[in-house]
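Novice: Quick one: the structure is below, questions incoming.
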Amino acid sequence: MNETIQANSQVLLHFSILLEDGSAAESTKVHNKPAKFVMGDGSLTPSFEKCLLGLSAGDKQKFTLQPEDAFGQPNPDNIYHMDRTKFSADAPAEVGAILAFTNPDGSEIPGIVREVAGDSVTVDFNHPLAGQVVTFDVEILEVSAAS
């Protein structure tokens, strides 16, 4: 019997995240490494998981999600102005650069350099896809009961 995806299913799938212009922001097909996760484990947003419920192996679907249901809207509190001296040749303050910054707790968070003005560098710590309408294109490969 072909299992359908339920609240605690283990799922193996290929997915692509497409932007409004049709370009792929991310895709598991590039390196042919499908994603494996358990529904509800926090890997995916609740709205994305809701789109998967009821699908089974072999199903292909496309879902378009508004920013609120995907990566959220950009939060102005996640934009910081930093001193240019905090940057180096390894991590240059160049517009468009995506750099890893260390949080006080030791974890790393990516930030995108948005503006460089004199000694002030504007870094945006919002998710790179925040504020964007995205289309998830999924192909379900395997569904099993979570162990």
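Novice: Tell me which of LEU99, SER27, VAL116 sits at the most positive position along the dipole axis of the chain, charges placed on C-beta atoms (Lys, Arg +1; Asp, Glu -1).
Specialist: Result: SER27.
Novice: Output ³J(HN,Hα) for region 67-84: one whole-Hz value per residue in order, computed from phi by the Karplus curve 6.51 cos²θ - 1.76 cosθ + 1.60 with θ = phi - 60°, and x for Gly and Pro.
Specialist: Running phi through 6.51 cos²θ - 1.76 cosθ + 1.60 with θ = phi - 60° gives x, 4, 9, 10, 10, x, 8, x, 9, x, 5, 8, 10, 10, 9, 10, 6, 4 Hz.
Novice: With a 10 Å radius around each residue's Cβ, average the other Cβ atoms per peptide and rank 75-83, 115-123, highest first.
Specialist: Top of the packing list down: 115-123, 75-83.
Novice: Just to confirm, what accessible area per residue do you get for region 58-147 at 1.4 Å probe, in whole Å²?
Specialist: Per residue, region 58-147 has an accessible area of 61 Å².
Novice: Roughly speaking, what is the stretch gain from LYS62 to ILE98, that is 0.36 nm per residue apart minus the C-alpha to C-alpha distance, in nm to one decimal?
Specialist: The span from LYS62 to ILE98 would gain 10.1 nm if fully extended.
Novice: Taking springs between alpha-carbon atoms closer than 10 angstrom, which of ALA70, ALA91, ALA25 fluctuates most in the Gaussian network model of the chain?
Specialist: Comparing ALA70, ALA91, ALA25 in a Gaussian network model of the chain, the most mobile one is ALA91.
Novice: Which percent of the accessible heavy-atom area of the chain goes to carbon and sulfur, probe 1.4 angstrom?
Specialist: Result for the chain: 49 percent of the exposed heavy-atom area is carbon or sulfur.
Novice: About the Cα centre of region 56-147, how large is the charge dipole given +1 on each Lys and Arg Cβ and -1 on each Asp and Glu Cβ? Please answer in debye to the nearest 20.
Specialist: 120 debye
Novice: So what is the calculated 222 nm ellipticity per residue for the chain, using -39500 (n - 2.57) for each DSSP H run with n of 4 or more, over all residues, to the nearest 500 deg cm²/dmol?
Specialist: Taking each H run of at least 4 residues, the total per residue is -1000 deg cm²/dmol.
Novice: Further question on the same structure: Work out how much length GLU20 to SER107 would gain on full extension: take 0.36 nm times their residue separation and subtract the Cα-Cα distance, in nm to one decimal.
Specialist: 28.2 nm
The values are calculated or read from the model by the stated rules, or taken from the named source; none is laboratory data. Just so it is clear, the structure is predicted and the values come from calculations on it, not from any experiment. When we count neighbours, we look across all protein chains shown, and the Cβ atoms used for this are built from the backbone with ideal geometry, even at glycine. Ligands, DNA and RNA are stripped out before the accessible areas are found, and what is left, the full protein with its side chains, is counted by its heavy atoms. Shrake-Rupley method; radii C 1.70, N 1.55, O 1.52, S 1.80 Å.
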